[in-house]
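Report on the structure given below.
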Amino acid sequence: MTGYLGVVVFLGFILAFAIGSLLAAKVLSPRRPTAAKLESYECGAQPFGEAWVQFPVGFYLVALVFIVFDALAVFLFPWVLALRTLGVAGIVTMAIFLAIISLGWLYAYRERILEWQ
């Protein structure tokens, strides 16, 4: 448990800062509701039509593909920094990871997710 003491203390500081910031914002923020502040704001233009609009599924599919490649970036950069210490096992592991990510890209390509109609 002593090896995790720093992590627990750091987590405590993070939680204390988050809760303290939210409480300070709640206590110190001015509350002056006016008619203009209660309206919905859209770049200065008056809103028209329904607020609930169904987006094409292509937006969500592109977002999922983005998350796949975002995961690639999250794991690829630390791997590059630790490459000398990992050796051949690290290279093989990353090759397997890149193969899995490539399967995701191949699926997106075959299903034409990245093409706009």
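Inside segment 68-117, residues that are polar (S, T, N, Q), assigned to a helix (DSSP H, G or I) and within 30 Å of residue 57 (Cα to Cα) make up a count of 1. Close contacts from segment 12-35, counting a first residue that is of a type in the set (Ser, Thr, Tyr) and a second that is exposed (fewer than 10 other Cβ atoms within 10 Å of the Cβ), with Cβ to Cβ under 8 Å and a gap of 6+ residues or different chains, come to none at all. For segment 17-55, a residue qualifies if it is at pLDDT 75 or above, surrounded by 10 or more Cβ atoms within 10 Å (Cβ to Cβ) and not polar (S, T, N, Q), and the qualifying residues are 17, 18, 19, 20, 22, 23, 24.
The values are calculated or read from the model by the stated rules, or taken from the named source; none is laboratory data. This is a predicted model, so every value here is computed, not measured. Positions of Cβ are backbone-derived with ideal geometry, glycine not excepted, and every protein chain shown enters the neighbour counts.
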